[in-house]
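In what follows, a single structure is set out as structure tokens and then discussed.
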Amino acid sequence: MDEANKLGSRIRMYRERLNITQEELAERSGTDVVFIKDVEDGNKYPAVGMLIKLSRALGKRLGTFTDDLVVKDPLITKASERSEEGSSHGRSHYHYFPLAKGKTDRHMEPFCIKIDPECGEELSSHEGEEFIMVLSGRIELTYGKDKHMLEPGDSMYYNSLIPHKVSAADDRQAEIFAMIYVPF
């Protein structure tokens, strides 16, 4: 089962446990029912911002939908063992590499994210805070009405309630470290 199908199955399971319809989940998460159907059917793997909205609407932490294993502290993720999750197969311009997969009691979501050029994603907004640091390439961060250019080594910490978008600034892939905190 690929990551999009696995995620969709988990979302469907928690939605059904709450005894709510796809329409109700769409309303609670501020999305539309077509989006919910696409996610549950494994046709779409949502960007982190949308996944946060779904997890909040279902009363679960973000990692509930992406974790498979339970590991003891400390959790170590070797660079050579990182694997992309969810956003592959041409479905997104974002390629997520979770860095805390399996740590079930965490309060933050760390990722290494590769961002393709010509990222067409829309602005995102959700509860919480984000910290990003550019590892390679150049990043354009749209934050509200402002745009910020970030170079390798630059970082930005922001309130994620403000509509924002992180995209590659040039015609080449960029890579960031992102730490996302969503209050539960």
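Applying the selection to region 133-155, what residues are in contact with a strand residue (DSSP E or B) (Cβ under 9 Å, 6 or more places away or on another chain) and assigned to a loop (DSSP other than H, G, I, E, B)? Scanning region 133-155 gives GLY137, ARG138, GLY144, GLU151, PRO152, GLY153, ASP154. Screening GLU127 with (1) in contact with a helix residue (DSSP H, G or I) (Cβ under 8 Å, 6 or more places away or on another chain); (2) free of Cβ contacts under 8 Å to residues at least 12 places away in the same chain; (3) of a type outside the set (Val, Ile, Thr) gives one miss only, at (2).
Annotation for region 108-131: no member residue is of a type in the set (Lys, Arg), surrounded by fewer than 18 Cβ atoms within 10 Å (Cβ to Cβ) and outside the structural domain of ARG56 (by TED's automatic domain parsing).
I'd like to check something: does region 55-69 contain any residue that is out of contact with any Leu (no Cβ under 8 Å at 6 or more places or on another chain), modelled with pLDDT of 85 or more and aliphatic (A, V, I, L, M)? No, the conditions are met nowhere in region 55-69. Keeping to region 142-166, report how many residues are surrounded by 13 or more Cβ atoms within 10 Å (Cβ to Cβ), more than 18 Å from PRO110 (Cβ to Cβ) and touching a His at 6+ places or on another chain (Cβ under 8 Å). Result for region 142-166: 2.
If we scan region 9-28, do we find a residue that is in contact with a Phe, Trp or Tyr (Cβ under 6 Å, 6 or more places away or on another chain), part of a helix (DSSP H, G or I) and crowded, with 17+ Cβ neighbours inside 10 Å? Scanning region 9-28, I find at least one residue that is in contact with a Phe, Trp or Tyr (Cβ under 6 Å, 6 or more places away or on another chain), part of a helix (DSSP H, G or I) and crowded, with 17+ Cβ neighbours inside 10 Å, so the answer is yes.
The values are calculated or read from the model by the stated rules, or taken from the named source; none is laboratory data. The structure displayed is predicted, hence computed values, not measured ones. We place every Cβ from the backbone using ideal geometry, glycine too, and count neighbours over all the protein chains shown.
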